[in-house]
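Just below is one structure, and these are the notes that go with it.
The values are calculated or read from the model by the stated rules, or taken from the named source; none is laboratory data. Note that the structure is a prediction, hence the values are computed from the model and not measured. As a convention, Cβ positions derive from the backbone with ideal geometry for all residues, glycine included, and neighbour counts pool all protein chains shown.
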Amino acid sequence: MSQQYGVIGHPIEQSLSPLIHSGWMKEHGLDAQYRAIDVAPGSFDTVLENLTQDGARGLNITAPHKQAALAAATHLSETAKRIGAANTLIRRGDDWYAENTDAPGFQHTLAAANIVAAGRRFALIGAGGAARGVVHALTQAGASVQIFNRTPSKAAALAADFPGVTSAAEVFDGQITTADGFDALINTASFGFEGARLVLPAGEGRLFYDISYGAAADPALKSARDTGWKAMDGLAMLVAQAAYSFEHWFGIFPDTTTALAKCRAAVETRT
Ligand code: ATR
């Protein structure tokens, strides 16, 4: 039987991970299968147990199970521990190893876009799980970060965990009035739903990076482009984090360019 891999999340039907990983498995002639597994909140441990019994060798984990995945693993990487979430599980012997490839995936996309983070100042919107991965990646790369968040206490708590990170004291209500002194702005909060609007000052060609993609990213990217920011979505980050997971499982860093083009085409047919 083929080796079993997959992505666990809820909802999961929109996931592009099967498209990405199945393509790489085929390209490298691996006898392996990758599928999307819908798991309701609270059922992660039971499902993982069943998958383990069925011989699963590797899993990607997405919302809302990234903390549960970390808790279920017997070995944790330093990155996964620091971020407090796992997006990748690797089977070694009789153990699950937890890893987080979101942070290296994010760093990879900055490098691919020729963006130097060291010594630069980033503004970051949001203070949830995704923001924590980005803060880890940016501080590792030597950048300083200021966090803007709807709930300032959550921004302050996140900032306190990382050196070189501060938080804005005021409530972020969808509007940033001045971006003076920032080299780039990263958005981890969704403005695609609930009618929320993002209002930005003039970008003057600086980077606006929304880590989501498709309908979730479109309104924020439009606001950014309209105000002169160089807008980038999170599709390359999705592919890069997948590539690091694939490397953990198979020891091969796969081709991200073709995978990204396939994902771009898939997202465009949806909208
Ligand atoms: P994720 O794992 O994607 O980061 P999360 O942990 O639920 O998801 O965090 C979402 C972040 O986006 C939070 O910082 C949230 O603000 P609060 O801390 O105040 O909840 C922020 N967010 C979500 N919707 C938002 C909106 N419409 N306007 C501003 N911020 C929003």
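Once the range 121-138 is narrowed to residues that are in a helix (DSSP H, G or I) and more than 7 Å from the ligand (Cβ to nearest atom), the residue that is surrounded by the most Cβ atoms within 10 Å (Cβ to Cβ) is 133. Among residues of the range 81-98 being of a type in the set (Gly, Ala, Ser) and within 17 Å of residue 9 (Cβ to Cβ), the one that is surrounded by the most Cβ atoms within 10 Å (Cβ to Cβ) is 86. Would you check if residue 192 is within 18 Å of the chain's Cα centre (by Cα), within 13 Å of the ligand (Cβ to nearest atom) and modelled with pLDDT under 95? So residue 192 fits the description; yes. State whether the residues of the range 139-146 include one that is within 13 Å of the ligand (Cβ to nearest atom), surrounded by 24 or more Cβ atoms within 10 Å (Cβ to Cβ) and not in a loop (DSSP other than H, G, I, E, B). Looking through the range 139-146, none of the residues is within 13 Å of the ligand (Cβ to nearest atom), surrounded by 24 or more Cβ atoms within 10 Å (Cβ to Cβ) and not in a loop (DSSP other than H, G, I, E, B). Over 20 Å from residue 79 (Cβ atoms), away from the ligand (no atom under 16 Å from the Cβ) and without any contact (Cβ under 8 Å) to a residue 24 or more places away in the chain: does that describe residue 180? Spelling it out, residue 180 is indeed over 20 Å from residue 79 (Cβ atoms), away from the ligand (no atom under 16 Å from the Cβ) and without any contact (Cβ under 8 Å) to a residue 24 or more places away in the chain. Would a scan of the range 215-238 turn up a residue that is charged (D, E, K, R), over 29 Å from residue 84 (Cβ atoms), touching a helix residue (DSSP H, G or I) at 6+ places or on another chain (Cβ under 9 Å) and within 14 Å of the ligand (Cβ to nearest atom)? No, that holds for no residue.
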